[in-house]
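A short worksheet on the structure shown next.
Derivation of every value follows stated rules applied to the coordinates shown; laboratory data play no part. Note that this is a predicted model, so its numbers are computed, not measured. Methodologically, a virtual Cβ is constructed for each residue, glycine included, from the backbone with ideal geometry; neighbour enumeration extends over all protein chains shown.
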Amino acid sequence: MKSKLFTLSGLCCILLFSLACSNPNKEFATMLIYGGPIYTVDSTAVTVEAVATKGNKILFAGSLEEAETYKNEQTELLDLKGKTMTPGLIEGHGHFMGLGYNELNLDLINTTSYQAIVDAVAQRVKTAQPGEWITGRGWHQSKWDSMPAETVHGFQTHHLLSEVSPDNPVYLRHASGHAGFANAKAMEIAGLQDLALDGVKKYEVEGGEVIVDALGRPTGVFNEQAQTLVTQHIPERTPETDIKAFELAVEACHKNGITSFHDAGIPKETIALYEKMKSEGKMQIRMYAMLTGWDEDLLNNWYKKGIMVDEDHLFTIRSIKLNCDGALGSRGAWLLEPYSDRPNHFGHETLPMEFVKKTALNGLKHGFQVCSHAIGDRTNREILDRYEMAFKELPDTALDHRYRIEHAQHLHPDDIPRFAELQVIPAMQAVHMSSDRPWAIYRLGLKRIQEGAYMWQTLLQSGVPIINGTDVPVEPINPIASFYSSVSRKTLKGIPEGGYEPKQKMTRAQALKSYTLDGAYGAFEEDIKGSITVGKLADFTIYNQDIMTVKEDEILSTEVVMTIFNGEVVYDTNK
């Protein structure tokens, strides 16, 4: 009898085990990824052996043995074959349509001399229609190998450009976007070529400047708000070119492992385009868009409507972008003390600080995050002051504001701890340090550089996250360059030995987090993305080598070989 009971008990156990193994409610993975280092940016497990996804969500992250229990005959197996995977990268500050239009227009980002710009325009003139505008972006005089013989305030003059394009108007934006360069034909159309100012050495425009020579004639360089004198005459973009630029920008993001994009300031026309692209299934990027702050009617309309948080996590609007000063390269950044290489010049306040305070208050009242562009130390201080006033005036609505300062490049030492005190997030593009530091010292001098420029580690240690990115198209969208800059503090040519102000280097873990989870936090999205965590979105970036362990001087040889967005492969170098 006892023997029969044991036998019956054993059969029951086997039956229960079989039922458990064939549980019809068991979830199975649509994709199983394994075979290489997988960095999660999740504090519970720095690395895992395998990741299982179901649809567009992460189903499991852990050991390969356990991951395989989620496999069935329909599961797609992705063997990394030694390659490295991280969460999908987040471009924390860029200009999406600028990225796309850089693919359509003249891309001058890699030009190293004025002559190279002239040559590029001369080539385009050959195929341009008579009278057609030639536009482009990316030149930066401080990055050239040599300067032309004729300069005014450190900028080239239009004469060579005008010679190669006498009949086609030309307008070329500075890499920073805070200045532009026109030829004679463009200035003629704008009614500016014969400008004479009776000995006045510069033509002031509120929030900007026309650079003129000793006789008061415009040199072709237009700084900050003065650009509109020319740009208002450039024909508007067409719906067809907008769509093409959008598609090229998506393609560029996928190629560089970017799965989410913080678009720093868009007008109503771009909002309509993005809505159209989403409705047509073309929004293959997670767009976190900031309303452009120069259009007060647009802001007022959105205050009435309220924030738009997309349940599909493809197109969200809950922030506002304010442009409060210029760039350091064009000497438009607003400083507390004069420029070292241009005495008595402090840069430009491009937006009244009273409007910053008004917007900060409206943001708190209506639930919008405020993101303010500030490069110079004075601008950073003034914005922190206005934010603080708003927080004190409306303390009950300022509990989780996540207000940001975009760039925060040059800070007065007294203002550095205020970011943590006010819980203001710095969105800093590390690659700017690599590009700008060799010449920024001439703008600011050694003391200001050492005490307040690109203060990543000091800010991190104070307790605030840093959102990384490239400010594309100011810099190429390549995240590897910005990662390298973050951890090396060197130029992309690998100099100087040891890096500039090396105490401010990020660790590799900090740099990866700044491109993933910190970026998600800066958009109120840390619960849905930014780390390889069960339940989050299945966005991943895969590299040809381990960016977390490869030698520093080999980081820049890293390539993105695959991008997975929403659980699907959208870029693969093998296809």
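Listed options for percent of Cα pairs over 39 Å apart are (1) 31; (2) 44; (3) 22. The value calculated from this structure is the one marked (1). Can you list the lysines whose alpha carbon sits under 21 Å from that of residue 493, skipping same-chain ones fewer than 8 residues off? Those lysines meeting the cut-off are 143, 503, 505, 551. When 237, 331, 124, 286 are arranged by Cβ crowding within 10 Å, least crowded first, meaning fewest neighbours, the order is 237, 124, 331, 286. Projection of the Cα convex hull of region 388-477, averaged over all directions and equal to a quarter of that hull's surface, yields 6.6 nm².
Note on residue 26 and residue 447: the model spin-label points, each 7 Å out from Cα along the C-beta direction, lie 7.1 nm apart. Tell me, what ³J(HN,Hα) does each residue in region 533-539 have, in order and in whole Hz, if you take phi through Karplus 6.51 cos²θ - 1.76 cosθ + 1.60 with θ = phi - 60° and put x for Gly and Pro? Calculated HN-Hα couplings, in order: 9, 3, x, 7, 5, 8, 10 Hz.
In region 96-231, one over the average inverse separation of all distinct C-alpha pairs is 14.9 Å, which is the Kirkwood hydrodynamic radius. Label point of residue 342 set 7 angstrom out along Cα-Cβ; within region 108-144, amide nitrogens under 15 Å from it belong to 140-143. Computed from the Cβ-Cβ distance with R0 of 30 Å, the FRET efficiency linking residue 278 to residue 553 stands at 0.10.
Segment residue 294..residue 546, full-extension length gain: 86.4 nm, with 0.36 nm per residue of separation and the alpha-carbon distance subtracted. Between helix 239-255 and the chain there is an angle of about 50 degrees, using the helix long axis and the longest principal axis of the Cα atoms.
Over region 96-231, what is the relative contact order in percent, taking alpha-carbon pairs closer than 8 angstrom and at least six residues apart?
Details: 265 pairs, mean separation 26.8, N = 136.
Value for region 96-231: 20 percent.
Using the Cα gyration tensor of region 428-575, with a ≥ b ≥ c the square roots of its eigenvalues, what is the shape: rounded (a/c below 1.5), prolate (a/b larger than b/c) or oblate (neither)? Prolate is the answer for region 428-575, as a/c is 1.5 or above and a/b outweighs b/c. Give me the angle, in degrees from 0 to 90, between the Cα long axis of helix 479-488 and the longest principal axis of the Cα atoms of the chain, rounded to the nearest 10. Approximately 90 degrees, to the nearest ten.
Seen against the Cα atoms of the chain and their longest principal axis, helix 268-279 is set at about 30 degrees.
What separates the Cα centres of region 277-294 and region 347-381 is a distance of 23 Å. Looking at region 202-281, the GluC sites (Glu not before Pro) that sit in a DSSP loop and have at most 15 other Cβ atoms within 10 Å of their own Cβ are 206, 236, 280.
Taking other Cβ atoms within 10 Å as a rough exposure proxy, 384, 411, 314 sort from fewest to most as 314, 384, 411. Counting pairs of Cα atoms in region 242-338, how many percent are more than 16 Å apart? Roughly 61 percent, once rounded to a whole number.
Pull out the extension gain between residue 305 and residue 232, defined as 0.36 nm times the separation in residues minus the alpha carbon to alpha carbon distance; nm, one decimal. Show your work: numbers first, answer last.
Values: separation 73, 0.36 × 73 = 26.28 nm, distance 3.01 nm.
Gain on extension, residue 305 to residue 232, equals 23.3 nm.
In the chain, helices alone account for a calculated mean residue ellipticity at 222 nm of -9500 deg cm²/dmol, with every DSSP H run of four or more residues adding -39,500 (n - 2.57).
Each other residue within a Cβ distance under 15 Å of residue 558 adds +1 if Lys or Arg and -1 if Asp or Glu, for a net charge of -1.
In order along region 154-167, the phi-based Karplus estimate (6.51 cos²θ - 1.76 cosθ + 1.60, θ = phi - 60°) of 3J(HN,Hα) comes to x, 10, 5, 10, 7, 4, 5, 5, 5, 5, 7, 9, x, 10 Hz; Gly and Pro are listed as x.
Distance between the modelled labels on residue 57 and residue 213, one decimal in nanometres: 6.7 nm (7 Å Cα→Cβ projection). Extension gain, residue 122 to residue 397: 0.36 nm times the residue separation minus the Cα-Cα distance gives 93.4 nm.
Taking other C-beta atoms within 10 Å as the exposure proxy, 288, 34 rank 34, 288 from fewest upward.
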